[in-house]
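Remarks on the structure that follows.
The values are calculated or read from the model by the stated rules, or taken from the named source; none is laboratory data. What you are looking at is a predicted structure, and each value in this text was computed from that prediction instead of being measured. Every residue, glycine as well, gets a Cβ built from its backbone with ideal geometry; the counts of neighbours run over all protein chains shown.
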Amino acid sequence: MRRKRVGVLISGRGSNMRALIEAARDPAYPAEIVHVVSNKADAGGLAYAASQGISTAVLSHKDHPSREAYDAALSAHLKAQGLDIICCAGFMRILTPVIINDWQGRMLNIHPSLLPLYKGLHTHERALADSATEHGASVHIVTAELDGGPVVEQARVPVLPDDTPETLAARVLTVEHPLYVRALAKLATSF
Ligand code: GRF
């Protein structure tokens, strides 16, 4: 089976992107990371991707008059790279159907909660406020409903009595990386 060509969208440090790049070094992994796009020029993950010989691009939303115009430009850019799958990894943009419809069933996102719990922002704070005993992360197919598409894989962590949003976020992040690697492999071998 041909390895799927994957583009990763980031806005910041890109630790999930890095986990995917590292996993895809194994020729037996069913996907290769061939392109990284950030909407922010100062995203830390860009330098790592470039250091691995992966092409990168910055497409700033500030250069476009509307959310739809940005999404159209981003989707056209991604199509021009000949990609099979898009992985959102800390890409801090709400996407419109203009791009979502182009990549139906082929676009993943990682969200730091056990969806359908805690869609949106501040997931760790909200889990602590609810005295949750369990928390985690989900990789889901991107649909028009924010953080609402079908879940591909989840990973769980305990919430400990002395947790702060920061300690809980750090524990969740350690399971996010292998989770995203598993979820991408699952999608990449499904078509
Ligand atoms: C992760 O917690 C991810 O779940 C969320 O944003 C964070 C991105 O971290 N969507 P990184 O940029 O991958 O390090």
Quick one: how many residues across the stretch 148-166 are buried (at least 17 other Cβ atoms within 10 Å of the Cβ), in contact (Cβ under 8 Å) with a residue 40 or more places away in the chain and assigned to a strand (DSSP E or B)?
2
Are there any strands (runs of 3 or more DSSP E) wholly within the stretch 36-147 with 2 or more residues that are touching a Pro at 6+ places or on another chain (Cβ under 7 Å) and either among the acidic types (Asp, Glu) or under 21 Å from Leu173 (Cβ atoms) (or both), and if so which?
134-141
First in the stretch 10-23 and at positive phi, second anywhere and assigned to a helix (DSSP H, G or I), Cβ under 7 Å, 6 or more apart
Gly14/Gly45; Gly14/Tyr48
Being surrounded by fewer than 21 Cβ atoms within 10 Å (Cβ to Cβ) and within 21 Å of His77 (Cα to Cα) is the filter; apply it to the stretch 5-21 and report the residue that is farthest from the ligand (Cβ to nearest atom).
Arg5
Please tell me if Glu32 is of a type in the set (Asp, Glu) and either assigned to a strand (DSSP E or B) or modelled with pLDDT under 95 (or both).
yes
Return the residues of the stretch 35-56 that are out of contact with any helix residue (DSSP H, G or I) (no Cβ under 9 Å at 6 or more places or on another chain) and more than 15 Å from the ligand (Cβ to nearest atom); say none if nothing qualifies.
Ala41, Ala50, Ser51, Gly53
Going through Asn109, Asn101 one at a time, which residue ends up being at pLDDT 95 or above and within 11 Å of the ligand (Cβ to nearest atom)?
Asn109
In the stretch 117-134, residue nearest to the ligand (Cβ to nearest atom) [restricted to those that are farther than 21 Å from Ser11 by Cβ and touching a strand residue (DSSP E or B) at 6+ places or on another chain (Cβ under 8 Å)]:
Ala127
If only one of Ile94, Ile99, Ile86, Ile110 is more than 17 Å from Gly14 (Cβ to Cβ) and crowded, with 17+ Cβ neighbours inside 10 Å, which one is it?
Ile99
Return the pairs, sorted by first residue and then second, in which the second residue is assigned to a loop (DSSP other than H, G, I, E, B), the first residue lies in the stretch 79-108 and is at positive phi, the beta carbons are less than 6 Å apart, and the residues are 6+ apart or on different chains.
Gly90/Ser11; Gly90/Gly12
Of the listed residues (Ala188, Ala137, Ala144, Ala169), the one being in contact (Cβ under 8 Å) with a residue 40 or more places away in the chain, under 24 Å from Thr96 (Cα atoms) and either within 13 Å of the ligand (Cβ to nearest atom) or charged (D, E, K, R) (or both) is Ala137
Restricting attention to the stretch 22-34, does a residue exist that is within 16 Å of the ligand (Cβ to nearest atom) and within 14 Å of the chain's Cα centre (by Cα)?
yes
